[in-house]
There are 2 protein chains.
Amino acid sequence: MTALASAVNATPTAKPYALLTLADGGQLDIEALRRHVPVRRCKHAAGQGVYRAGQAFEALYLVHAGSYKTCELADDGREQVTGFRMRGDLIGAESIGLKNYSCDVIALEDSEAWELPYPAVLRACLQLPELQARITHALAAEVRRDRSWMLMLGTLAAERRVAAFLLDVAARYAHMGYSAKHFILRMSRIDMASFLALKHETVSRALSRLNDLSVISVQRREVRVLDVDGLRTIAGSGMAVS
Amino acid sequence: MTALASAVNATPTAKPYALLTLADGGQLDIEALRRHVPVRRCKHAAGQGVYRAGQAFEALYLVHAGSYKTCELADDGREQVTGFRMRGDLIGAESIGLKNYSCDVIALEDSEAWELPYPAVLRACLQLPELQARITHALAAEVRRDRSWMLMLGTLAAERRVAAFLLDVAARYAHMGYSAKHFILRMSRIDMASFLALKHETVSRALSRLNDLSVISVQRREVRVLDVDGLRTIAGSGMAVS
DNA sequence: AACGGTTTGTAACAGTCTGTAACAACAATC
DNA sequence: GATTGTTGTTACAGACTGTTACAAACCGTT
C-alpha cells in the first residue's frame with residue numbers, strides 16, 4: 001500500500017459507535033452491552049478466520065476495525081463470497097439457532113472483532129429489551145441487504161454490477177466517516193468477482209472500462225470516484241439497501 | 001390443470017403444522033400462539049398481493065395454503081423474484097424494524113395466509129419466550145437460505161441452476177407430505193427464470209434438455225423426477241439449505 | 001365451439017461473458 | 001538488490017446465454 005493510500009481509509013480512530021450499524025441507528029451503545037456481556041477483543045491477521053463453517057456456534061462478533069468477508073461453501077468445493085463486513089457490522093447472527101456456524105468469516109486485512117458469547121447475549125436480552133430488538137432488526141436488515149444484492153445480480157450486466165458495488169462501498173465508507181470519493185478496496189479482484197458472480201478478469205475489464213469512461217480512476221485497489229452521477233446512471237439509479 | 005395434476009399436490013389437508021417450518025422444527029404450535037395473538041385468515045386470489053413494497057408494516061403472515069412469491073423492486077422498474085413461500089413459511093419478517101414493507105408478496109394461485117398483527121406478536125414474545133426465539137431462528141434461517149441461493153447462482157451454469165431448483169422444490173413438497181417425484185410447479189417460467197437469474201427461454205431450454213436426458217419428464221408445469229441421483233449430479237451434490 | 005390473451009416451446013442469430021494465456025506490477029523473502 | 005510468488009491487466013478465441021421472432025398449447029370467456 002502506498003503512503004498516500006494508507007492515509008485514505010486507514011485504521012479508524014476509536015470513535016464510539018452504536019451497536020449494529022445495520023439497523024436503524026438506535027441508542028443502545030456498547031457500554032450498556034458491556035455491563036451484561038463479557039466482551040473479548042479478538043485480533044485477526046489477514047486471511048485468518050473469525051470462525052469457519054462447522055465450528056461450534058458460541059458467539060456473535062462485532063467488527064471493530066478492519067474488514068472481513070463472509071464465504072458460503074458447498075460440499076463439492078464451490079465457494080461464494082456473500083458479503084463484506086466492516087466497523088459496526090454484526091457477524092455470526094446467520095448461525096443463530098444452529099449448533100455450528102454455517103459459513104466462513106475471514107479477515108481481509110489485520111482486523112479486530114469483539115466477541116459476544118451467545119449464552120450471555122441471550123441472558124442479556126431478557127434484561128435489555130432493546131438488545132433483543134436490535135438483534136432482530138439487524139437480522140431483518142441482513143435479509144433485506146442480501147435480497148437487494150440478489151436484485152442487483154439478477155438484473156444488471158457485469159459493468160453495472162461493478163458500478164453498483166463501488167457505489168455501495170463508497171456509501172459505507174461515507175457512513176463510517178471516510179471519503180466516498182477516494183478509497184482503497186480491501187478485497188482482491190477474486191473476492192470481488194465471487195461476490196458479484198463474475199470472473200476476476202471480467203471485473204478487471206469492467207473497472208478498466210469505467211476508468212476509460214472517466215467515471216472513476218482506478219489503479220489496482222485505489223479508487224477515485226470522478227463522476228458519481230455517471231456511476232449512478234450506469235448502476236441503474238443505485239442500490240436501495242435499507 | 002388436468003385431473004391427474006390436481007391429484008398430485010392440491011390444497012393440503014388441514015393437518016396441523018408447527019409454526020415456522022423454516023426453523024428447526026420446535027414445538028410451539030399454532031394453538032399456543034392463538035391464545036396471545038388475534039389471528040385473521042386472509043385469502044388471496046392468484047396474482048393478488050398479501051402486501052406491496054411501501055405499504056405500512058403491520059403484521060407477519062403464516063402461509064396456510066397455496067403458494068406465494070416474494071419480489072424485490074428497484075426504483076427504475078427492475079424486478080427480481082427472491083423466493084417462493086409455501087405452507088408453514090413465515091412472510092413479512094424481512095420488514096421487521098421498518099415502517100413499511102420492503103418487498104411485494106404475491107399469491108401464485110388461490111392461497112391463504114394467517115395474519116399475525118405485529119404489535120400483538122411483540123407483546124406475545126414477552127410471555128412466550130419460545131416465540132421470540134422462533135422468530136429469531138426463522139430470520140437467521142432466511143439469511144442462510146438466501147445465501148445458499150447466492151452460492152448456487154454464483155457458481156452454477158443455467159442447466160445446473162434449474163436442476164438445483166427442482167431438487168429444492170421436490171424437497172419442500174416432500175417435507176409437506178407430498179410426492180417429491182411428481183409435482184406441479186406453481187410458478188410461471190418467467191418467475192422461475194427471474195429467481196434463477198436467467199431468461200425464461202433459457203429455463204425452457206434447460207428443462208427440455210433435462211427431459212431429453214431422461215433425468216426428468218416435464219410437460220409445462222407438471223414435473224416427474226425420473227433420476228434423482230442424476231439430477232443431484234447435475235446440480236452439484238444438491239443444495240445445502242439448512 | 002370459437003375467440004383473444006397468456007404462457008410455453010423452438011429456432012437462428014447476436015452479444016456478452018468466459019477461458020486461456022502472456023505479461024506487468026507489486027509484495028515478501030532471501 | 002535480486003528472486004519468487006501473488007495479484008492484477010489485457011488480448012483473443014470460444015462458449016454460453018440473451019435476443020428476437022414465431023408457433024403451439026393452454027386458459028378463461030363469450
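The values are calculated or read from the model by the stated rules, or taken from the named source; none is laboratory data. Keep in mind that this is a model prediction, so the values were computed, not measured. Using ideal geometry, Cβ is built from the backbone for each residue, glycine included, and neighbour counts are taken over all protein chains shown. Only protein heavy atoms, including side chains, enter the accessible area calculation; ligands, DNA and RNA are left aside. Shrake-Rupley method; radii C 1.70, N 1.55, O 1.52, S 1.80 Å.
Hey, what's segment B:156-235 come to in accessible area per residue, 1.4 Å probe, Å²?
On the way: 3710 Å² over 80 residues.
In whole numbers, segment B:156-235 has 46 Å² accessible per residue.
Which FRET efficiency value, to the nearest 0.05, do you get for A:LYS43 and A:ALA174 by plugging their Cβ-Cβ distance into 1/(1 + (r/R0)^6) with R0 = 25 Å? Could the numbers behind the result be given before it?
Numbers: r = 26 Å, r/R0 = 1.05.
So, using R0 = 25 Å, E works out to roughly 0.40.
With all pairs of different alpha carbon atoms counted, what Kirkwood hydrodynamic radius in Å does segment B:84-242 show?
17.4
For labels at B:LEU226 and B:LEU126 in the simple 7 Å Cα→Cβ model, what's the distance in nm?
Between B:LEU226 and B:LEU126, the simple spin-label model gives 6.1 nm.
Per residue of A:77-89, how many C-beta atoms from partner chains lie within 10 Å of its own C-beta, taken as a mean? Please list the in-between numbers first.
Numbers: counts 3, 7, 3, 9, 3, 8, 2, 0, 0, 0, 0, 0, 0.
Per residue, the average neighbour count from other chains is 3.
Per residue and in Å³, how big is the convex hull formed by the alpha-carbon atoms of the protein assembly as shown? Before the final figure, lay out the partial values.
Working: hull volume 67.8 nm³, N = 484.
So the per-residue Cα hull volume is 140 Å³.
Rounded to whole Å and ordered largest first, report the semi-axes of the equivalent ellipsoid of segment A:156-235 derived from its Cα gyration tensor (root of 5λ). Show your work: numbers first, answer last.
Values: eigenvalues 61, 40, 27 Å².
Over the Cα atoms of segment A:156-235, the ellipsoid semi-axes are 17, 14, 12 Å.
What is the spin-label model distance, in nm, from A:THR233 to A:ILE190 if the labels are put 7 Å beyond Cα along the C-beta direction?
Each label point lies 7 Å from its Cα, and together they span 3.7 nm.
Rg/Rh for segment B:42-176 to two decimals, with Rh computed the Kirkwood way over all alpha-carbon pairs. Let's see the in-between values first.
Details: Rg = 15.6 Å, Rh = 16.0 Å.
In segment B:42-176, Rg relative to Rh is 0.97.
Counting only pairs 8 or more places apart or on different chains, how many lysine pairs in the protein assembly as shown have C-alpha atoms closer than 25 Å?
17
Quick one: 3J(HN,Hα) in Hz for segment A:119-129, Karplus 6.51/-1.76/1.60 with θ = phi - 60°, rounded, Gly and Pro as x.
Each residue of segment A:119-129 in turn: x, 5, 4, 4, 5, 4, 4, 6, 9, 10, x Hz.
Suppose a student asked you for the relative contact order of chain B, using Cα pairs under 8 Å spaced at least 6 residues apart; what percent would you report? Let's see the in-between values first.
Values: 408 pairs, mean separation 49.9, N = 242.
Once divided by the residue count of chain B, the mean separation gives 21 percent.
Considering every residue in A:130-137, what mean count of other chain Cβ atoms within 10 Å of its Cβ is obtained?
On the way: counts 0, 0, 4, 4, 1, 3, 9, 4.
Per residue, the number of nearby Cβ atoms from other chains is 3 on average.
Extension gain A:ALA53-A:SER214, at 0.36 nm per residue separation less the Cα-Cα distance, in nm? Let's see the in-between values first.
Numbers: separation 161, 0.36 × 161 = 57.96 nm, distance 4.13 nm.
Once the chain is fully extended between A:ALA53 and A:SER214, it gains 53.8 nm.
Which semi-axes, in whole Å and largest first, does the equivalent ellipsoid of segment B:29-70 have when worked out from the alpha carbon gyration tensor as the square roots of 5 times its eigenvalues? Don't jump to the answer; show the numbers that get you there.
Working: eigenvalues 91, 40, 13 Å².
Whole-Å semi-axes of the equivalent ellipsoid: 21, 14, 8.
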